[in-house]
């Protein structure tokens, strides 16, 4: 490959004019900016994690590194803040950010390293970005930043400047725009109906009627009625608890002049150890005293015997700080499964993280002989839910989108591999007869991530029916005869659990299954529910189209469906009593372990 100028992101301010270019990855080429890049003298660097065995090896390395970093950071933060919190406390609070940032930085580092070793790089343009534009306030802020070209360009730039023995001409581009990063998002106010106002007022009153040691339930994924009933069965006045945004604190670079004592083992770790003090969220450093004050003033129970949530464990730092402080004092911490990939993905950081921070983890049906924390329960998203469908209706094709840049690691398509996923969708529709194609609805993912899903679809199939992911899914299912799931998440677990005719297909090389899940998917494959190629899935849909119900309600199909759902999407007859007994048992187990 001839000598080229490096381009790291889609930010065109860094693109050289009239020179040969090496795009660091497909993320540099926004589809709606095709006019800007399609005629350039440009090549794209192969993505290092297209080697999926390398992806898994790297994850194993980063897991070990993460534990070492967490142990060191726990000591450092205790010293900085004059506290004596356990490593579990810090794991609950900072663990998600530390895992995400470490894994993201490794990916960015590897691509820079690959470019350095494989191509003669003539130069690179980087934005002269102030540090205060790239440091997140909290985890919620971070989850917005890492999706953006601006933040990723800054990270690549910092890696390039810190890269050892680099021989690249680095040109700084002055930013003339007025960049004011907003640390919080305030949604537009919505019209309030009298019913909503009444319920909110009633709930504010009920929230004051609590005991300091009562069980605390928040965003459990249970339907509202079931959530209130569960609290009643615990002998508590039912209420709906709400979360609170993090308090704002300004960046103070003088508080970031500390370093790790542990020695790095390689060049990547050297850069990582330098960048963590720069990028750790403000709330964990400058804003920690304000966070502690906010936690102390929360109108939540002071000594909850039990804390149960299904999705606040990752992004809500106020909840994490509160729950971590309560766990330190003996509260039982229970997390419920909130997505379909758990127990099915071969590996994943967030699943590992949840297991590490919780006392008990409630699955949608599966368990593990190697982890006593996992308690089989059932799919809380379909509790007491019946879904109609139309046996003469349309075909509903469910799509997913992913960030263009890698984020936390688990066994899914990563970064540019989404393009291969989309090509499989294209192949599936191409294989369908015209009769079915006319009755197909493509539901695009509600978050586009710059993928230009709708534009891509309409350029391939100008007459295709597209739903933009905003209409409630139940409305679309009601008008469909079959549900087609294309990725490993909760979508097909819900449709199978509600006994909606379902076809599933995905590339097994990009959606690696756990050893425990493989036999169950083999059974789905044997009866034509699960397919590993778009062609096979399209052939099955064509075969059964004229009478989907005749196929779906065959005894062998239903037996396999029920067998699979018992493991991964269990439907319970009396879910609230079952859940009450499970939660009470976890509380007792915690007490006995303490004794």
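The values are calculated or read from the model by the stated rules, or taken from the named source; none is laboratory data. Since the structure is predicted, the reported quantities are computational estimates derived from the model, not experimental observations. Here Cβ is always computed from backbone atoms with ideal geometry, including for glycine, and neighbour counts include all displayed protein chains.
Assorted remarks:
- Checking each residue in the range 356-393 for being surrounded by fewer than 15 Cβ atoms within 10 Å (Cβ to Cβ) and free of Cβ contacts under 8 Å to residues at least 12 places away in the same chain picks out 369, 370, 372.
- The residue of the range 567-595 that is modelled with the highest pLDDT, among those that are out of contact with any strand residue (DSSP E or B) (no Cβ under 9 Å at 6 or more places or on another chain) and within 25 Å of residue 344 (Cβ to Cβ), is 569.
- For the range 30-47, a residue qualifies if it is crowded, with 16+ Cβ neighbours inside 10 Å and part of a helix (DSSP H, G or I), and exactly one does: 37.
- For the range 221-243, the set of residues classified as without any contact (Cβ under 8 Å) to a residue 60 or more places away in the chain, assigned to a helix (DSSP H, G or I) and more than 14 Å from residue 308 (Cα to Cα) consists of 224, 232, listed by residue number.
- Looking only at the range 393-415, residues that are under 29 Å from residue 546 (Cβ atoms) and part of a strand (DSSP E or B) come to 5 in all.
- Qualifying residue in the range 331-354 (condition: over 25 Å from the mean Cα position of the chain (by Cα), buried (at least 19 other Cβ atoms within 10 Å of the Cβ), in a helix (DSSP H, G or I) and at pLDDT 95 or above): no
- Residue in the range 62-82 that is over 30 Å from residue 3 (Cα atoms), at pLDDT 95 or above and not in a helix (DSSP H, G or I) present: yes
Rundown of residues vs (1) touching a residue at least 24 places away in the same chain (Cβ under 8 Å); (2) surrounded by 13 or more Cβ atoms within 10 Å (Cβ to Cβ); (3) closer than 22 Å to residue 110 by Cβ; (4) touching a strand residue (DSSP E or B) at 6+ places or on another chain (Cβ under 8 Å), yes/no style:
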site: 2; (1), (2), (3), (4): yes, no, no, no
site: 5; (1), (2), (3), (4): yes, yes, yes, yes
site: 14; (1), (2), (3), (4): yes, yes, yes, yes
site: 28; (1), (2), (3), (4): no, yes, yes, yes
site: 52; (1), (2), (3), (4): yes, yes, yes, no
site: 55; (1), (2), (3), (4): yes, yes, yes, no
site: 69; (1), (2), (3), (4): yes, yes, yes, no
site: 77; (1), (2), (3), (4): yes, yes, no, no
site: 86; (1), (2), (3), (4): yes, yes, no, no
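- Within the range 449-463, residues that are closer than 20 Å to residue 27 by Cβ sit with their Cβ atoms under 9 Å from residues that are modelled with pLDDT under 95 and loosely packed, with under 14 Cβ neighbours inside 10 Å, at 6+ positions apart or across chains, in these pairs: 453/468; 454/468.
- Inter-residue pairs, beta-carbon under 8 Å, first more than 19 Å from residue 333 (Cβ to Cβ) and in the range 288-304, second surrounded by fewer than 15 Cβ atoms within 10 Å (Cβ to Cβ) and modelled with pLDDT under 95, 6+ apart: 299/208
- Matching residues in the range 250-285 - criterion: being part of a loop (DSSP other than H, G, I, E, B) and under 26 Å from the mean Cα position of the chain (by Cα): 280, 281, 285
- Any hit, the range 509-521, residues being surrounded by fewer than 17 Cβ atoms within 10 Å (Cβ to Cβ) and in contact with a helix residue (DSSP H, G or I) (Cβ under 8 Å, 6 or more places away or on another chain): yes
- Among the residues of the range 294-330, the one identified as assigned to a loop (DSSP other than H, G, I, E, B), in contact with a strand residue (DSSP E or B) (Cβ under 7 Å, 6 or more places away or on another chain) and over 16 Å from residue 211 (Cβ atoms) is 310.
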